[in-house]
Amino acid sequence: MPLHNQLLVNGYTNNAIKSEAAAVEWMQSLVDSINMKTIQGPYASYVTKEGNRGLTCIVMIETSHIALHVWDEPNPAEIQFDLYTCGELPEEEILKKLENELGLIDYHYMVLERETGFNVLNKSRGGYNGNVDTLFESQIDFE
């Protein structure tokens, strides 16, 4: 029976990725490092519209999808990441890759099991240094 797990991450980086080619390379390396299989993509596009400037990268995987969004106008830049899979979800490995390779700091994450609804399996905070007001502090209790 397939699993239905989703990892959602919202955070910041002081080193925003802006290159479409670099984003595609990073996304494929993520897929490979967590032993998933690409079926389409990865694809990336940089949006130059003021107020929404940044990069989006997506990949369809055999067990669903992965999406990365980086808005580089704010300082620090904002990152949102979404991985949905019907397979195992190595959340710690993914978070470390986001931290070490994309400079993810001061973030919240949530793991949902979605087979019969939106069941929260885990939610936590990482990389917090007290210097940034986080995106969802008032919306979700992470304590």
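We did not get these values from a lab; they are worked out from the coordinates using the rules stated. None of the values given here were measured: they were computed from a predicted structure. Every residue, glycine among them, receives a Cβ derived from its backbone with ideal geometry; neighbour counts consider all protein chains shown.
Only Lys, Arg, Asp and Glu count, each charged at its Cβ (+1, +1, -1, -1), so figure out the dipole size of the range 5-126 about its Cα centre, rounded to 20 debye.
Details: 9 positive and 18 negative charges, 36 e Å.
Once rounded to the nearest 20, the dipole reads 180 debye.
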Using just the C-alpha positions of the range 5-126 as equal point scatterers, what log10 of I(q)/I(0) does the Debye formula give at each q in 0.21 1/Å?
-> -1.23
Residues meeting the amide H criterion for Leu104 (H placed from the backbone, H to H distance under 5 Å, 5 or more places apart or on another chain) are Glu99
Selection from Ile105, His4, Gly126, by position along the positive dipole direction of the chain (Cβ) = His4
